[in-house]
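The values are calculated or read from the model by the stated rules, or taken from the named source; none is laboratory data. Everything numeric in this text was worked out from a predicted model, so none of it was measured. FYI the Cβ positions are ideal-geometry reconstructions off the backbone, even for glycines, and counts take in every protein chain you see. Side chains are part of the model used for accessible areas, which takes the heavy atoms of the whole protein and leaves out ligands, DNA and RNA. Shrake-Rupley method; radii C 1.70, N 1.55, O 1.52, S 1.80 Å.
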Amino acid sequence: MDKVTFFERITAEDKEVQNPKRSDNSLRVLGWLAIVLGIAVVAVGTSIYRQDWFQSISASATYYGTAYILPFVLGGMSVYFWGYRGYARIDRIFAKIMSAGAFITAVFPCKTPYNEGETQIGLLGFSPDVSGILHGIGALILFLFLALWIFFLFTKTGKEVIKPRKKLRNRVFVAAAWVMFTGINFCIAGFVFYRLAMFNPQSSFPFVFWGELIILIPAGFAILVKAGDVPWLNDK
């Protein structure tokens with residue numbers, strides 16, 4: 001009998017998943033949410049609450065608590081990932097980690113130029129400095145594991161012959177993941193520059209905002225491809 005490795009056990013298709021289409025439908029919701037999240041948050045923040053063009057999506061959604069959109073969206077994502085079954089045990093491991101990242105990001109708002117005068121922000125009442133650091137850590141966990149999820153698990157193929165459309169989908173997944181890794185670097189750069197006070201967040205290039213957008217949009221597209229919502233990439 002062939003010896004089965006730990007990685008093979010946790011990546012093998014889960015026989016308990018009786019209806020794979022349920023996972024596809026679940027992914028479909030997540031994919032569209034990722035695509036519209038950044039655009040919707042900024043649109044609401046600028047059109048309804050008359051905010052300026054901020055440094056990040058988080059800042060657009062946490063301005064003095066008047067546009068508290070992001071915590072509810074991220075809280076919903078945390079619940080979604082926690083209950084996500086996926087196709088194998090490794091899917092659930094990744095989903096639980098992303099759930100934790102989304103929860104941390106939701107509970108601890110980011111530090112912005114508009115809440116620096118506050119002494120306590122967020123559900124736990126931490127200072128903006130501490131809350132901002134925890135917010136960044138949570139976002140890094142969420143984004144990094146989302147990119148790794150797409151890069152490693154979406155491209156996974158069984159022992160059957162790989163069909164041409166599957167090869168094309170894998171190229172899309174890999175390309176999307178690399179774009180996301182670039183976006184993560186943008187976010188880290190913006191976070192470091194802001195912390196070191198190397199630029200004025202209100203007048204300089206919005207590293208974090210564009211980083212978040214080029215993470216979310218490719219992620220959403222890759223997830224929709226995985227869910228079968230891009231017909232020209234589906235198997236014939």
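What the table shows:
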read-out: Qualifying trypsin sites (Lys or Arg not before Pro) in region 124-185, DSSP loop, other Cβ atoms within 10 Å at most 10; value: Lys159
read-out: In Hz, Karplus ³J(HN,Hα) per residue of region 168-184 (6.51, -1.76, 1.60; θ = phi - 60°; x = Gly, Pro); value: 5, 4, 4, 5, 4, 4, 5, 4, 4, 5, 5, 4, 5, 4, 4, x, 4
read-out: Residues Val161 and Val36, FRET efficiency given R0 of 41 Å [Cβ-Cβ distance, rounded to 0.05]; value: 0.65
read-out: Glu212, Glu118, ranked by accessible area, largest first (probe 1.4 Å); value: Glu118, Glu212
read-out: Distant-in-sequence amide H partners of Ala88 (H built 1.01 Å from N, under 5 Å); value: Asp14
read-out: Point-to-point label distance, Arg28-Phe72, nm (Cα→Cβ direction, 7 Å offset); value: 2.5
read-out: Chain lengthening between Leu168 and Trp82 when straightened (0.36 nm per residue, less Cα-Cα); value: 28.0 nm
read-out: Other-chain or far-sequence residues with amide H under 5 Å of Phe126's (modelled H); value: Ile121
read-out: Region 101-174 - accessible surface per residue (Å², probe 1.4 Å); value: 51
read-out: Cα-Cα over 23 Å, subset of Lys156/Lys226; Lys163/Lys226; Lys96/Lys166; Lys111/Lys226; Lys96/Lys226; value: Lys96/Lys166; Lys111/Lys226
read-out: Pairwise label distance in nanometres, Ile93 with Gln120, each label 7 Å out on the Cα-Cβ vector; value: 4.0
read-out: Residue order for Val29, Val130, Val230 - accessible surface, 1.4 angstrom probe, largest first; value: Val29, Val130, Val230
read-out: Distance in nm between pseudo-label sites at Asn185 and Ile137 (7 Å out along the Cβ direction from Cα); value: 2.5
read-out: Solvent-free Debye scattering, log10 I(q)/I(0), computed from the Cα coordinates of region 92-169 at q = 0.18 Å⁻¹; value: -0.74
read-out: Sequence of Leu27, Leu134 when ordered by accessible area, the most exposed leading, probe 1.4 angstrom; value: Leu134, Leu27
read-out: Heavy atoms of Tyr80 accessible to a 1.4 Å probe, total area in Å² rounded to 10; value: 50
